[in-house]
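Worksheet: the structure to be examined is printed underneath.
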Amino acid sequence: MNKAGARLIDVGAAAALIEPLTELVIRAGAAILAVNRSAMIVDGKLDGSPVTEADLAADRIIGEGLARLAPQISSLSEERIHLATPPYKETYFLIDPLDGTKEFIAGRNEFTVNLALVTEGKPLLGIVGAPALGLVWRGLVGRGAERLVVADGSVRPIRTRSCPPPGKPWTVAVSRLHGDARTEAFIKMRPGAVRAELGSAVKFGRVAEGEVDIYPRLGPTSEWDVAAGHAVVTAAGGKVTDSTGAELHFGRGRENFIVPEFIAWGDPAAA
């Protein structure tokens, strides 16, 4: 891991990284798919969460790739958190090589590879690859967002959608595995809300492409679970805030890199 807080990066320089970073995410996803889930070893981290050889294989590919592509930019990965040297005040990569490890272990397809470029505490570029779905969502704040189909390489621009008019139900992305009382109370404030149960950062992708209206998570999660999706949703025209409407900040050295809560809004006016 390079020195924390490498240097600032502008939008043009970030744009030049989108294609090679996308290829890196796709390669990491292929390594995950190559792992035999029925025979793999599952270990436990100190926080009780699982880690598999697929997590480690994806992290190795991304770590080595970033060292070649942008050696001047520091990186923070969930699987190398012991090497972290916060705060990360300028520009750095924030990585979750396998988001949704529990979904992966359970044999479901909603797990992702998350790669974000964060500058001055805000996600600027995000790539969320869903290898088992054959999809990649990516976005650069100020330049727009796209959905890529890996099989044929087709790419189309995506945008979030406006919140439903009065009397129409909201579609709310919810976690299949991580419910909490505050999130449930938030959803109940929108009578008739349609729940879309999804795993991992796929929820951010569905908000970004206008399939769902909102993704609330009013319980704690980690910065690497949020940053890439944050950038994609923002680039697609949405907004990610805390429950008061305030911006999120990344890399500041909060204990264990925890995000206490967030809401991904398809319609920024609703925030």
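The values are calculated or read from the model by the stated rules, or taken from the named source; none is laboratory data. Here the structure is a predicted model, which means the values were calculated and not measured. Because the Cβ atoms are built from the backbone with ideal geometry, glycine has one as well, and the counts that use them run over all protein chains shown.
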- Run down Leu148, Leu133 and say which single residue is hydrophobic (A, V, I, L, M, F, W, C), modelled with pLDDT of 95 or more, in contact with a Lys or Arg (Cβ under 8 Å, 6 or more places away or on another chain) and within 22 Å of Ala58 (Cβ to Cβ). Leu148
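Here is a yes/no grid of residues against (1) part of a loop (DSSP other than H, G, I, E, B); (2) not charged (D, E, K, R):
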position	(1), (2)
Arg182	no, no
Ala185	no, yes
Pro191	yes, yes
Glu197	no, no
Pro216	no, yes
Trp224	no, yes
Gly229	no, yes
Ser243	yes, yes
His249	yes, yes
- Report those strands (runs of 3 or more DSSP E) wholly inside segment 1-116 carrying at least 1 residues which are crowded, with 22+ Cβ neighbours inside 10 Å and hydroxyl-bearing (Ser, Thr, Tyr). 74-77, 91-99
- Item | Residues satisfying the stated conditions in segment 171-192, i.e. surrounded by 12 or more Cβ atoms within 10 Å (Cβ to Cβ) and more than 26 Å from Ser222 (Cβ to Cβ) | Arg190
- Message: Of all residues being assigned to a strand (DSSP E or B) and either free of Cβ contacts under 8 Å to residues at least 40 places away in the same chain or of a type in the set (Ser, Thr, Tyr) (or both) in segment 121-153, which is surrounded by the most Cβ atoms within 10 Å (Cβ to Cβ)? Just the residue, please.
- Response: Glu146
